[in-house]
Amino acid sequence: MLIVVLDTNAVHRDPWLTRDVAPKLIQLAASEVCEIVYPQVVIKELTRQRIESAREALDSAAAGVEQMGAAGINVAETVTLLQNAHDRIESDIDNAFVEVLAKPGVRDVPVPEVKTTDLLGRDLGRRRPFLEIEQGKTRKSLGFRDVLIWESVLEVLQTSNSGDTVLFVTFDGGFIADDKKSLHADLLEDLDGFGIPRERIRLARGVPEAISLIEDLVADTVSQPSDHAPETMSPSRTPDDAQGERSAVSEGAPAPDEPELPAVEDLDDTAPGGNPVEIAVDELKQDRPGVSRAALVEAATDALYGLVNEDVSEQLAYGGDYEYPSFVKFTVPLPEGGTIAAIDQTTEFSFKESEQSADVLVGTAEAVITIEGGLYRGDWFEVEGAVSISGQLSDHYLDASAEVEVEVRVEIDIEGGETNVLDIVLEDLPTPPVNGADQLEFDFFDVDQPDAGDERPSDESEAVADRRGETSG
């Protein structure tokens, strides 16, 4: 069994797994492909976050109502409605968690019982998930709730079957190593102390990566029981073809047979696709070592989350000009830039062959990035609504943050069966095309002409027919 344990920061934007790709994880759990576990510590943290967020929105609305009252408008009924809404918030949030925990394959685990002396020893020993930060001239320790979440993970590992694998979904600095690709060594040492094999736990830095790992592990177990070899990309399939096959396996359907390629001698040089150059390229692809989709996802995810703490401010470039870093192709909301404080991937990576090279695959996904930085007070009115203010850095600068939805594009070289990231860029999401069918059509007449009324079609159907050139006179 695959057990997916959720950390707070992995689902803070979607506590009940109802948005983006999260419903797919719910479906996998309902199909008994995996099990989803909410630590009670996480539920309590998420509940507080949602209550505070709702209270801030309510306070903002109440301030607006007070201004209306000051203008002489009777707002008594509105005030009562707002207060009633406030009273329902906590129960509504609790009910939402009751509903998600009632779904097949989803459960919670209680707050673990940990000795105070053990917590103290871990804190004083500066062992993760405890973190020490500098604030002014003093150092402060953080991570009490993170320790309880990690203890919940250990509890799941100890009480589950020895063959079960736990996917811990988190990108919290208290849990991950400096390379942002694995769990911190302190946590791995905890596993050793309990006699838990390290291979029983895997790190997923978001729900999309967790889904990819689940599908890869399921495909490895179900479709290849003889040798358990990881699935690789053959020249006749794209990585997304393999993704579809794994989805079929996870839903209980048999994986489709791999199509056979025609022999090179059977190809007609005059027929489409029979060009000698294309044949040569195809032969090279046939001889190319395969690359598993899981390896592609891992490489792309490493590149994406490796951008955390990167600067997105304009920098002095060659020639004396100021330019944004090469990966910044999106609109930066803070005038003076800042750093990427958090990344929340919202869709799975899809891959296609690069137009420039058959040995390069391009992975795309969508993500929400959080940028933190200083905002000059004089710029506040220009970006009001686009950024959030959390404090004051100095007399002239505010501590600001903003969320930006971006499209992620990662180029990966797969020559030799390896995955080497060549480039990564974050771009503005493409603007959805305008559907012409949704456009209203209008007829314009020259009202200055005295006989304009006589020339107008007698009814609407004739007017439409005239525009389409369908009337015969």
Leu58 versus (1) touching a Leu at 6+ places or on another chain (Cβ under 7 Å); (2) within 30 Å of Ala185 (Cβ to Cβ): which is the lone unmet condition? (2)
Name the one entry in Arg107, Arg19 that is touching a strand residue (DSSP E or B) at 6+ places or on another chain (Cβ under 9 Å) and under 22 Å from Ile211 (Cβ atoms). Arg107
In region 134-150, how many are acidic (Asp, Glu) and surrounded by 10 or more Cβ atoms within 10 Å (Cβ to Cβ)? 1
Please work out if Leu131 is in contact with a strand residue (DSSP E or B) (Cβ under 6 Å, 6 or more places away or on another chain) and either of a type in the set (A, V, I, L, M, F, W, C) or at positive phi (or both). yes
Report the residue count in region 316-354 for those that are at pLDDT below 90 and open to solvent by 40 Å² or more (accessible area, probe 1.4 Å). 8
When the residues of region 81-133 are narrowed to those that are under 25 Å from Val5 (Cβ atoms) and of a type in the set (Gly, Ala, Ser), which ends up surrounded by the most Cβ atoms within 10 Å (Cβ to Cβ)? Gly105
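Could you list, in sequence order, all residues of region 151-173 that are of a type in the set (Val, Ile, Thr) and exposed (fewer than 14 other Cβ atoms within 10 Å of the Cβ)? Even if it seems obvious, please write down each step before you answer.
Keep residues of region 151-173 that are of a type in the set (Val, Ile, Thr), which gives 153, 156, 159, 165-166, 169-170.
Selection gives Thr159 alone.
Would you check if Val5 is modelled with pLDDT under 95 and either closer than 16 Å to Asp172 by Cα or open to solvent by less than 20 Å² (accessible area, probe 1.4 Å) (or both)?
No, not satisfied.
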The residue that is modelled with the lowest pLDDT, considering only those in region 197-227 that are open to solvent by 10 Å² or more (accessible area, probe 1.4 Å) and of a type in the set (A, V, I, L, M), is Val222
Which count do you get for residues in region 290-310 that are closer than 26 Å to Ala219 by Cα and either open to solvent by 50 Å² or more (accessible area, probe 1.4 Å) or aromatic (Phe, Trp, Tyr) (or both)? 2
For region 49-75, which positions are without any contact (Cβ under 8 Å) to a residue 24 or more places away in the chain and open to solvent by less than 60 Å² (accessible area, probe 1.4 Å)? Ala61, Ala62, Ala63, Gly64, Val65, Gly69, Val75
Scan (1) at pLDDT 90 or above; (2) closer than 30 Å to Ile214 by Cβ; (3) among the small types (Gly, Ala, Ser); (4) surrounded by fewer than 20 Cβ atoms within 10 Å (Cβ to Cβ) for the single condition Ser313 breaks and write down its number. (2)
For region 18-48, which residues satisfy the criterion of being open to solvent by less than 50 Å² (accessible area, probe 1.4 Å) and among the β-branched types (Val, Ile, Thr)? Val21, Ile26, Val33, Ile36, Val37, Val41, Val42, Ile43, Thr47
So in region 398-434, with the set limited to residues that are aliphatic (A, V, I, L, M) and touching a Pro at 6+ places or on another chain (Cβ under 7 Å), which one is farthest from Val297 (Cα to Cα)? Ala402
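The values are calculated or read from the model by the stated rules, or taken from the named source; none is laboratory data. Keep in mind that what you see is a predicted model, and the values were worked out from it rather than measured. As a convention, Cβ positions derive from the backbone with ideal geometry for all residues, glycine included, and neighbour counts pool all protein chains shown. The accessibility values were calculated without ligands, DNA or RNA, using every heavy atom of the protein model including side chains. Shrake-Rupley method; radii C 1.70, N 1.55, O 1.52, S 1.80 Å.
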